[in-house]
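Structure first, then comments.
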Amino acid sequence: MQAMTRETEGSAFLRACRGEPVPYTPVWFMRQAGRSLPEYRRVREGIGMLESCRRPELVCEITLQPVRRHRVDAAILFSDIVVPVAAAGVELDIVPGTGPVIAEPVRTAADVERLRPIDGADVSYVDEAVRLLVKELGPTPLIGFAGAPFTLASYLVEGGPSRTHAKTKAFMYQAPQVWHALCARLAEITLAFLRVQVAAGVSAVQLFDSWAGALSERDYRRFVLPHSSHVLSSLADAGVPRIHFGVGTAPLLTAMGEAGADVVGVDWRTPLDQAAGRVGGRAVQGNLDPCVVFAPWDVIEDEVRRVLADGRSAPGHVFNLGHGVLPETDAEVLTRIVDLVHTASAR
Ligand code: 1CP
């Protein structure tokens, strides 16, 4: 509700999320703040990832870096999907070069019982960072985010990153009731984390279900959709667009839209015109292959123009990569892509 009166309202990003006419296609990049930026590496020196997420002024600086450099149309809060889980008392670390590592993986009903809910006081540094950012960003919208129950559960059950998600799936099939109890708790943690961000002033939220593509549509609908749907539908009255994203989700796009998204994020494997047909009249976000940035400029240019053309099939298109910026990416190429998206899409 509060969002309706804010100066970000007329932004191309929010208009595209709502399927309204835009002067040009808005663009931002997943993982736009991070290791592709020398200024990021400089300010992070000697400070652990989780610790960085808990320092509001540092969060503010890191979030602003890609906005200053690339002139993207939206900022995304610098944080991580495991931040609220750590706030809920799970002992974990974000290990450089690996990702989240959980000290005692969640494998039993008793482990699930120990996952406690969070409230605003547990993540007060996030509230503070968002308030600082909203002031600094002016008309540029800030995207809040959280991990979806399946992707969070995968880290908790596996104990860290996994290629096959074998332990997670074994848990799901062996103890479906305990699985649902785990996802229900994670959904409440995620919802509380997103509500803190909305109350502090974010203009949109993205629910990352990065690893949902590991599931068949049937398993997604049985084991995951009800929980993601609880998170997204509970935010229906928040007055901000809800973006729902996963990787390798071609068979899941319809179901992910049904989970209650306003915008469905699409990876590079599915052309946006095909995706648009599957997401039930919703806006789409994506979907340049993150590796295309390593191609010669004329190839990049063709690919950007193709993504823009495919995106016109949807009622709204937010340009992005199909997944996060790779650390080896040349930041200058990203800036050129932003300029190209703006000029090539100008109406
Ligand atoms: O020291 C470092 O720089 C660590 C690298 C890093 C960074 C910069 C991690 C560890 N997380 C982050 C920030 C982060 N994480 C953001 C920042 C905002 C931005 O986009 O600019 C966001 C949105 C996330 C969300 C996140 N964390 C996701 C969902 C997005 C995605 O990429 O799919 C996931 C899956 C994670 C887990 C995670 N955290 C970090 C890593 C390396 C990983 C992935 C590990 C794996 O492969 O499973």
How about the stretch 23-46: which of its residues are more than 18 Å from the chain's Cα centre (by Cα) and open to solvent by 20 Å² or more (accessible area, probe 1.4 Å)? Pro23, Tyr24, Pro38, Glu39, Arg41, Arg42, Val43, Arg44, Glu45, Gly46
Which condition from (1) open to solvent by less than 40 Å² (accessible area, probe 1.4 Å); (2) assigned to a helix (DSSP H, G or I); (3) within 16 Å of the ligand (Cβ to nearest atom) is the one that Arg69 breaks? (1)
Given the criterion more than 24 Å from Trp28 (Cα to Cα), part of a helix (DSSP H, G or I) and either hydrophobic (A, V, I, L, M, F, W, C) or open to solvent by 10 Å² or more (accessible area, probe 1.4 Å) (or both), identify the matching residue among Ala199, Ala192, Ala129. Ala192
Residues Asp298, Asp273: which one is away from the ligand (no atom under 16 Å from the Cβ), farther than 23 Å from Val22 by Cβ and among the charged types (D, E, K, R)? Asp298
Which is away from the ligand (no atom under 16 Å from the Cβ), closer than 21 Å to Asp80 by Cβ and at pLDDT 95 or above, of Leu142, Leu133, Leu191? Leu191
Of the residues that make up the stretch 140-158, is at least one over 30 Å from Arg221 (Cβ atoms), open to solvent by 10 Å² or more (accessible area, probe 1.4 Å) and outside any strand (DSSP E or B)? yes
Can you find a residue in the stretch 47-54 that is more than 12 Å from the ligand (Cβ to nearest atom) and open to solvent by 30 Å² or more (accessible area, probe 1.4 Å)? yes
So which residues in the stretch 309-323 are open to solvent by 10 Å² or more (accessible area, probe 1.4 Å) and assigned to a loop (DSSP other than H, G, I, E, B), if there are any at all? Arg312, Ser313, Ala314, Pro315, His323
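The values are calculated or read from the model by the stated rules, or taken from the named source; none is laboratory data. Since the model is a prediction, treat every value here as computed from it, not as a measurement. Note that we place each Cβ from the backbone using ideal geometry, even for glycine, and neighbour counts take in every protein chain shown. Accessible surface is based on the protein model in full, side chains and every heavy atom, while ligands, DNA and RNA are left aside. Shrake-Rupley method; radii C 1.70, N 1.55, O 1.52, S 1.80 Å.
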